[in-house]
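Undergrad: Sharing a structure with you now.
The values are calculated or read from the model by the stated rules, or taken from the named source; none is laboratory data. Because the structure is predicted, anything quoted here is derived from the model rather than measured. All Cβ positions, even for glycine, are placed from backbone atoms using ideal geometry, and neighbour counts span all protein chains on display. For the accessible areas, the whole protein counts, side chains as well, though only heavy atoms, and no ligand, DNA or RNA atoms are used. Shrake-Rupley method; radii C 1.70, N 1.55, O 1.52, S 1.80 Å.
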Amino acid sequence: MKKLVLLAAAFTALIGSSALARDPVFVSPQQSHAFDILPPPPAADSATTKAELAELHRLESTRTESEAVAAKGTTRTKISFSSGE
C-alpha cells in the first residue's frame, strides 16, 4: 500500500511540475555578442587560408573511395516542413 501511495505522489508531483514549465528561452543574435567573442576569419589571400586550403586538398587527394562515399553519404539531409496540422 505504501508503494502505491508513493507512486501516486510521485506521479502527481511530475504532472504538477509540467504545469510550471516555461517556454524555452533563446538568445537573439544581438544578445550573443558573437562578433566580440569570435575572431574574424583570416583574409582570403592570407598564409593561414592558403595553408588550410592546402590541407583540405591534401586530404581530398589522399582519401580512399570508401571514405569519399562515406563523406558524401553524411551530407545528404532531408529537411521537411510541416504546417503543424
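Undergrad: For Arg58, are the conditions met, namely being at pLDDT 90 or above and open to solvent by 100 Å² or more (accessible area, probe 1.4 Å)?
TA: Here the answer is yes, as Arg58 does meet what is asked.
Undergrad: Being loosely packed, with under 10 Cβ neighbours inside 10 Å and within 25 Å of the chain's Cα centre (by Cα) is the filter here, so list the residues in segment 38-55 that pass it.
TA: Leu38, Pro39, Pro40, Pro41
Undergrad: Please determine whether any residue of segment 71-84 is modelled with pLDDT of 85 or more, surrounded by 10 or more Cβ atoms within 10 Å (Cβ to Cβ) and of a type outside the set (S, T, N, Q).
TA: No.
Undergrad: Looking at (1) modelled with pLDDT of 70 or more; (2) polar (S, T, N, Q); (3) over 25 Å from the mean Cα position of the chain (by Cα), which is the only condition Ser28 fails?
TA: With respect to (1) modelled with pLDDT of 70 or more; (2) polar (S, T, N, Q); (3) over 25 Å from the mean Cα position of the chain (by Cα), Ser28 is out only on (3).
Undergrad: Does Phe35 count as surrounded by fewer than 10 Cβ atoms within 10 Å (Cβ to Cβ), of a type in the set (Phe, Trp, Tyr) and at pLDDT below 85?
TA: Values: surrounded by fewer than 10 Cβ atoms within 10 Å (Cβ to Cβ): yes; of a type in the set (Phe, Trp, Tyr): yes; at pLDDT below 85: yes.
When the stated conditions are applied, Phe35 passes them.
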